[in-house]
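**Student:** I'd like to ask some things about the structure below.
What follows draws every value from the coordinates through simple rules; no lab data is involved. These numbers come from a predicted model, not from an experiment. Ideal geometry is used to build each Cβ from the backbone, glycine not excepted, and the neighbour counts take in all protein chains shown.
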């Protein structure tokens, strides 16, 4: 049985991170090493994970000062490599594995020897029922509805990798903040690598409570940092443009067009969100160049 390293990022989200950990520990695939990279939490996350690591020898904690995600992920990969895994799964702290997920991923990628990585569908949910939480869940469902193929205009990052193939990408660039998690997938495709989308299983993604103000504030920060990402990737501007909201091919799939007709209010909310974010980005670029 080949070894799988699961890397989980955490920051001030103790309850969800513990649920994420629990979902990994419940997997029927047993040759797993779990690396939790904490980004400077002060809500008791580090203490809780530390306690668990003393109970479960396959849980390893990397506690950092508050840094950007790319830096934390690289630290987590450094730790994961110490355990000589054949596979790497990159997981956010607000996700949970569905039962049998690791077995599904390993079986799929071992049967398809030409595939180096897998995109894993995210099943969104939230206990909150306000409008923009529903819109965000709707958007996630639209993005997930993209068949099994994966190409250079796709916007989801591969999460499950053959470790040797991941290392060929150069990994996460710590200088990149906006869209940094998809860059290894893009580079891998450019090198001739092949990525597929798993259809037989998924992760749960807790969208938490989403408000319009939260969306604007979060993306405003990323937009300010996007220039670095663009400048540190070959043809970075063109790559970013191809993945800009209205240029995403998945939005125009026939099954999604039907979905818009069935949920017109949520569709209008999603378009409003995209238009607003586009305006915020344009404004931030104009201000930066004045």
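**Student:** Report the convex hull volume per residue for region 59-141, counting only C-alpha atoms, in Å³.
**Tutor:** Given the Cα convex hull of region 59-141, per-residue volume reads 160 Å³.
**Student:** Let me ask another. Per the Cauchy relation, a quarter of the hull surface: what is the mean projected area of the convex hull of the alpha carbons in region 1-42, in nm²?
**Tutor:** The directionally averaged projection comes out at 2.8 nm².
**Student:** Calculate the length of the line joining the C-alpha centroid of region 117-147 to that of region 1-41, in whole Å.
**Tutor:** About 21 Å separates the Cα centre of region 117-147 from the one of region 1-41.
**Student:** Express the C-alpha Rg of region 175-229 as a ratio against the empirical globular expectation 2.2 N^0.38 Å, rounded to two decimals.
**Tutor:** Values: Rg = 15.2 Å, N = 55, 2.2 N^0.38 = 10.1 Å.
That ratio works out to 1.50.
**Student:** Here's a follow-up. If we sort 162-172, 257-267, 8-18, 204-214 on the protection proxy, mean other Cβ atoms within 10 Å, highest first, what's the order?
**Tutor:** So the order, starting with the most tightly packed, is 8-18, 162-172, 204-214, 257-267.
**Student:** When the expected Rg is taken as 2.2 N^0.38 Å, what fraction or multiple of it is the alpha-carbon Rg of region 113-226? Kindly include the intermediate steps, with their values, before the conclusion.
**Tutor:** Working: Rg = 15.5 Å, N = 114, 2.2 N^0.38 = 13.3 Å.
Computed over Cα atoms of region 113-226, the ratio equals 1.16.
**Student:** Normalised radius of gyration for region 52-96, please: alpha carbon Rg relative to 2.2 N^0.38 Å, two decimal places. Spell out each step's value before the answer.
**Tutor:** Values: Rg = 11.5 Å, N = 45, 2.2 N^0.38 = 9.3 Å.
This ratio for region 52-96 stands at 1.23.
**Student:** How do 51-59, 141-149 rank on mean C-beta neighbours within 10 Å, highest first?
**Tutor:** Answer by packing, highest mean first, reads 141-149, 51-59.
**Student:** Work out how far the C-alpha atoms of region 1-133 reach from end to end along every principal axis, then list the three figures in whole Å, largest first.
**Tutor:** Projected onto the principal axes, the Cα atoms of region 1-133 cover 42, 40, 28 Å.
**Student:** Then there is this: For the chain, compute Rh as the Kirkwood radius over C-alpha pairs and then the Stokes-Einstein diffusion coefficient at 20 °C and 1.002 mPa s; write the answer in µm²/s, rounded to an integer.
**Tutor:** Reported coefficient: 108 µm²/s.
**Student:** Among bridges DSSP assigns within the chain, what percent are antiparallel (round to 5)?
**Tutor:** 25
**Student:** Which value at 222 nm does the chain reach when only helices count, each DSSP H run of 4 or more adding -39,500 (n - 2.57), with the total divided by all residues and rounded to the nearest 500 deg cm²/dmol?
**Tutor:** It lands at -14500 deg cm²/dmol.
**Student:** Just the number, please: Stokes-Einstein D of region 14-78 in µm²/s, Kirkwood Rh from C-alpha pairs, 10 °C, 1.306 mPa s.
**Tutor:** Stokes-Einstein gives a translational diffusion coefficient of 129 µm²/s.
**Student:** Let me ask something else. How long are the semi-axes of the equivalent ellipsoid of region 211-290, defined as square roots of 5 times the Cα gyration tensor eigenvalues? Whole Å, largest first.
**Tutor:** 26, 17, 9
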